[in-house]
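The values are calculated or read from the model by the stated rules, or taken from the named source; none is laboratory data. Keep in mind it's a predicted model, so treat the numbers as computed, not measured. Virtual Cβ from ideal backbone geometry, glycine too; neighbours counted across all protein chains shown.
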Amino acid sequence: MCCLKEKVGFQSSPVISVRSSFVPAGLCLLFLGVSACNRSSNSTVGVAYHHDIVASAPWSIHIAKMDRTQSQLELRSTLARDKVEGLSTLVQQVQAVPATAGQPIAAVNGDFYVVDEKNPYLGDPRGLQILDGELVSAPTDQASFWIDASGQPQATNVLSQLKVTWRDGSSTPMGLNEERRDGAVVLFTPRHGAMTRTKGGRELILESSGNGPWLPLQAGREITARVREIRTDGNAPLADGILVLSISPSLLTNAGFSANASVGATLKLSTATIPDLSGVKMAISGGYVLVRDGQKQEIQTPDSESYKYRSVRERHPRSAIGASRTHFFLVEVDGRQPELSVGMTLDELGDYMKKLGCDLALNLDGGASATFWYQGKVRNSPCNGADRPIANGVVVIAKPTGKQ
């Protein structure tokens, strides 16, 4: 039997690879009173893995706990095929981490994304992503988790201030590496894919003006670009060293756009956000902040039967990322498998992350996307029977010796 405690305690993780029998007491009794549980665990290089089974629910939960004091360990986001468009499994994304970045140890799936296979932007993450310092995807209306320039974890809604300032001084908000909606302007980087996949409008092929920062695109910067070429048939090719600014056809009825968007024109592109993400190397979006300042957050949703809101109150497979003052946590809860694990509501997941000792936690994509990888293989039981191709993820890596 397990005993309930105020906070769940793991044994400290060793710096060298050893077997460990840490027991996160209290995980079995979060909501339903005393229940039987099984535990399996091991640790390597300051990362502890634990499989928690709560028979009374039932729940099957996989946890990786990373020691923040170990300077050789790092959280990194991953991206399917290293491009915004398209999908790949978490295993494939882990395998694609460059050897120069380090050795992957544990990973979990990331943000929600475009899932419609008929959509040309299949795989586009729904919100913010920063990959090794590169701004890949802009924030939207959901919360994000990131490590700030001082190394501290943060989680909140980020407001995009991305915009283009034209040569006459006027400015227009812009999206990033995403479907261009009617009336919108979208900036595409080589990270998006081979083509912009747009139809019609005007696309400005941009090159560096030769002054200041350029690519890879980073948050919190203002860069100066020169219009090298203009295309009017959409679907412009993307190549190393160039950007494409795509303008919706409906905006071109404004004569100012035509005057500002000519070959040779110089434009200013801002990647500002609120809060400022300058210097951030890793960021990922998800759904809701579950824990802040050690307190579980109440999630307010509209009284709607829309799946987006209804699913918050239902039990589903879940994934989450969390942080305490000393550790980071990657967590996955299996679901939709009555004999193994029924899944959690977001309220239950918030309670669980708090019991782990998280001061801050954010839920990630769940459902069939919920996947947990540790030391060479998928450890959880995906509800569809196999790990699903997804847009992005979060991986714990051990950096090469000498790289801090």
Just give me the residues in the stretch 180-193 being in contact with a Lys or Arg (Cβ under 8 Å, 6 or more places away or on another chain) and part of a loop (DSSP other than H, G, I, E, B), in sequence order. Arg191, His192, Gly193
So which strands (runs of 3 or more DSSP E) stay within the stretch 228-289 end to end and still have 1 or more residues that are free of Cβ contacts under 8 Å to residues at least 60 places away in the same chain and under 30 Å from Leu75 (Cβ atoms)? 243-247
Testing Leu32 on (1) touching a helix residue (DSSP H, G or I) at 6+ places or on another chain (Cβ under 6 Å); (2) at pLDDT below 60, one condition comes back false. Which one is that? (1)
From the set of residues in the stretch 52-90 that are hydrophobic (A, V, I, L, M, F, W, C) and farther than 19 Å from Ile105 by Cα, which is surrounded by the fewest Cβ atoms within 10 Å (Cβ to Cβ)? Ala55
Residues that are in contact with a His (Cβ under 7 Å, 6 or more places away or on another chain) and under 30 Å from Ala236 (Cα atoms), drawn from the stretch 66-125: Lys83, Val84, Glu85
Could you list, in sequence order, all residues of the stretch 280-295 that are among the acidic types (Asp, Glu) and crowded, with 24+ Cβ neighbours inside 10 Å? none
